[in-house]
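Here the structure is laid out as structure tokens; the discussion comes afterwards.
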Amino acid sequence: MNPQPIQATAVYKVREIEDAGRSEWDSLLEGAPGGGHVLQSHEWGEFKKQIGWQPVRLVLERDEEIVGVGQFLTYNTAPVPGSLWYCTKGPWLPWHDEDAVRAFFEGVRDLSRRRGAHTIKIEPEVLEEEKEVKTLLLEEIGFKKARYDLNHKTTMLIDLSASEEELLGNMKSKTRYNIRLAARKGVEVIESPFEEAWEAFFDLLKTTADRNGFPIRRSPEYLHDVTRRMHDAGNGRLFLATHEGMPLAGIYSFTFGEKYWYTYGASRDEKRNLMPTYLLQWEVMRWAKRNGLRYYDMVGVPNPENLNEGDSLWGVYKFKVGFGGEIADSLGCLDLPIRPTRASAWYRFEPVYYRLYQKMKNNVFY
């Protein structure tokens, strides 16, 4: 490892780790405050590197002890000169230590500017209710709310440290009933070998998209490659609910440290009366507990201000809330202009670039 000093304060120092391997970086990330996120993992950075994003991995030290980390994905935004630095679902810092937070972003600002960045984009899992941290980021350091929240800012969290009996007791009665109905009717849940199950799972994804009237915005190649890569790295699992040999529903989950995320889910039109999606969720929760995972992030639900039947995610929310989770509403995406003129030009051009990228590559830019 050949870390390069970037910037120091009286107490803190920010360093880039240029050649950390998977186990080293992921260990640092898991040991950071809050335990990190799979989209900050080494494998995620290496996957995005294949499609044009370059990972930059930074650590925050206090008296030579690492107390925070952040993996930034950098992208050349030509024709707007310079680059964008995007910290997907990060960084992971001691957020209530103001000196630490200031020192980290001073280091990031200095390095990114020297390398031609015009905008730093972060996606911290800091809750909206943490007013002091929000004020520090938005008003004092200079971040602004980004145009888009690239990942869902509001999620549903379940603490898996409770016993199975307590977890079931926290669920809504209809959810418990549907879990038991599916089991009685002979639905089975299996963790599936990836290549054997991928085609069946993707067919379920297409069926679900058609049923709900929305397009699959990622290309089939992207979805296969990212799920395969994360699976092979030990950060992804594919589960199917079957009945008499027929796949009825599937879940692909990301895992990291003590956490897992409900990343992709899908179901077949046939035999929906057997309630396979309910048993599938429950059995994956049980699998997670057996394997030492403590936190289940069910990911997207409506933002608190949109928690009503008119929201496009209302049906998803009604399903997920039945499992007894609690809503966590984070700050979402924030932008820090480093070179104001170029940052402003990118902000104006970004929607056009986004649409052109989607059209040309059949994929989402970020």
Given pairs Lys172/Lys359; Lys145/Lys359; Lys48/Lys134; Lys13/Lys49 and cut-off 32 Å on Cα-Cα distance, the over-length ones are Lys172/Lys359
Label-point separation (nm) for Glu221 and His96, each offset 7 Å from Cα along Cα-to-Cβ? 4.8 nm
Expressed in nanometres to one decimal, the distance between label points 7 Å along Cα→Cβ at Asn362 and Arg294 is 4.4 nm
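Dipole of the stretch 154-328, Cα-centred, from +1 at each Lys and Arg C-beta and -1 at each Asp and Glu C-beta, to the nearest 20 debye?
Using Cβ point charges on Lys, Arg, Asp and Glu, the stretch 154-328 gives about 400 debye.
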Out of Asn76, Met298, Pro215, whose Cα points farthest toward the positive end of the dipole of the chain (charges: +1 Lys, Arg; -1 Asp, Glu; placed on Cβ)? Pro215
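When the chain is fully extended, how far beyond the present Cα-Cα distance does Tyr354 get from Lys174, taking 0.36 nm per residue of separation?
Between Tyr354 and Lys174, full extension yields an extra 60.7 nm.
As an exercise, use a Förster radius of 30 Å and the Cβ-Cβ distance of Ser344 and Arg114 to find the FRET efficiency, rounded to the nearest 0.05.
Working: r = 20 Å, r/R0 = 0.68.
Once rounded, the FRET efficiency stands at 0.90.
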Restricting to DSSP H runs of at least four residues, report the calculated mean residue ellipticity at 222 nm for the chain, -39500 (n - 2.57) per run over all residues, nearest 500 deg cm²/dmol. -11500 deg cm²/dmol
Residue-count net charge about Val11 - beta-carbon cut-off 9 Å; Lys, Arg +1, Asp, Glu -1: 0
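Taking the Cβ of Glu64 as the centre, find all other residues whose Cβ is under 15 Å away and add up their charges (Lys, Arg: +1; Asp, Glu: -1).
Numbers: positive: Lys13, Arg15, Arg62; negative: Glu61, Asp63, Glu65.
Cβ neighbours under 15 Å give a net charge of 0.
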Between the stretch 268-303 and the stretch 146-221, how many Å separate their Cα centres? 5 Å
What GluC sites (Glu not before Pro) does the stretch 282-366 have in DSSP loop regions with at most 12 other beta carbons within 10 Å? Glu309
What is the local net charge at Arg113, summed over the other residues whose Cβ is closer than 12 Å to its Cβ (Lys, Arg +1; Asp, Glu -1)? +3
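Laboratory data are not the source of any read-out in this text; all were calculated from the coordinates shown. Because the structure is predicted, anything quoted here is derived from the model rather than measured. Reconstructed Cβ throughout: ideal geometry from the backbone, glycine too, with neighbour counts over all protein chains shown.
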